[in-house]
Amino acid sequence: MTSTLAKTTFVAPFASGSPTELPKITVVTPCYNHAPFIEATIQSVLNQGYPNLEYIIIDGGSTDGSLEIIQKYAEQLAYIGIEPNTGQTYKLIQGFAKATGDIFCSVNSDDLFEPGTFHQVADFFQQNPQARVVYGDYSWIDVQGKLIKRKKELPFFNRFIYMYDIVYIPQPSTFWRRDLYEEVGGFDIQFDLAMDADLWIRFADVTPIYHIRSFWSQFRKHPQQKSQQKLLKMQAETDAIWHRYRGDEAQWLIKIKKFFAMGIRVFGKFITGCFW
């Protein structure tokens, strides 16, 4: 069941430019029982001061006060949906089905955007009309929002490192054009945890993936994180995604490729200054 609480577009003051001159950016946040974090997430979006913003939040029927916090910002949100007893991927699919923006992105209800991110993203897409997807760097923060570590990543050269080492494209720092999302069919409902890894690799099937050396988001690490609580399921979903591209490879061969992929990534990060 979906409940619409607001359908207004938030327009904030900005020093230059107008909504008609800048691409509309749609942000979707899936939420479920994240009352300690959701307000900071919402503020990190609205405080961007971006004049052509569409912000959509899909809640899973929270019972911890999250909905009450979200409703405080109803007049500044484009859409609030309530989808009880559904997973994160379903919430994302529902959110982007309502989206009307030119550029899409998502931020989880415990993560944050860095100030000024949306303006940098808009500038990038305006200056690079051929680009369809781009990601920036990110930071790890703790429960209180204190910085743990800055994470600089490599550009997306090819699938080898991505498939055999780690999925290093940070979800909240990734932005893509609407037509690309529609071309590849959007998020796949069968993946509850690795839906981003699946979407990025399908993006790579049809277009180059660009990278900007700028910190665009903050990823909160805490014990209640889904990816921390369900590590085995996350690995199983990721393996299923990679099997689509790897085929039936022997485990010994996968281990060798993982070793080389990790070595290439570490060396690449070293020579490109990611460690300092």
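The values are calculated or read from the model by the stated rules, or taken from the named source; none is laboratory data. Remember, it's a predicted structure, so these values are computed and weren't measured experimentally. When we count neighbours, we look across all protein chains shown, and the Cβ atoms used for this are built from the backbone with ideal geometry, even at glycine. Note: accessible area is taken over every heavy atom of the protein model, side chains too, but ligands, DNA and RNA are not part of it. Shrake-Rupley method; radii C 1.70, N 1.55, O 1.52, S 1.80 Å.
I want the antiparallel fraction of DSSP beta bridges within region 126-262, as a percent rounded to 5. So the antiparallel bridges amount to about 50 percent of the total. Spacing of the modelled spin labels on T207 and R150, each 7 Å from Cα toward Cβ, amounts to 2.9 nm.
Annotation: extensible slack from T63 through F157 equals 29.5 nm (criterion: 0.36 nm per residue apart, minus Cα-Cα distance).
By DSSP, the beta bridges lying fully in the chain are antiparallel in about 35 percent of cases.
Can you give the longest run of the chain that contains no trypsin sites (Lys or Arg not before Pro) sitting in a DSSP loop with at most 12 other Cβ atoms inside 10 Å? Result for the longest clean stretch: 147-276. Calculated on C-alpha atoms, the gyration radius of region 147-276 divided by its Kirkwood radius gives an Rg/Rh of 0.94. For the residue pairs K91/K233; K152/K258; K24/K98; K146/K255, the C-alpha atoms sit more than 24 angstrom apart in K146/K255. Taking every DSSP helix (H) stretch of at least 4 residues in the chain, weighting each as -39,500 (n - 2.57) and dividing the sum by the residue count yields a mean residue ellipticity at 222 nm of -11000 deg cm²/dmol. A simple spin-label model places pseudo-atoms 7 Å from Cα toward Cβ; at L253 and D123 they are separated by 4.6 nm. On full extension, the segment bounded by Q130 and D188 gains 18.3 nm, given 0.36 nm per residue less the C-alpha separation. Using the Cβ-Cβ distance between F260 and E39 with R0 set to 35 Å, the FRET efficiency from 1/(1 + (r/R0)^6) comes to roughly 0.20. Where both bridge residues fall in region 45-198, DSSP classifies roughly 70% of the beta bridges as antiparallel.
Using a probe of 1.4 Å on the protein chains alone, the accessible area found for T238 is around 20 Å². What value does the chain have for Rg/Rh, both radii from Cα atoms and Rh as Kirkwood defines it? Here the Rg-to-Rh quotient is 0.95.
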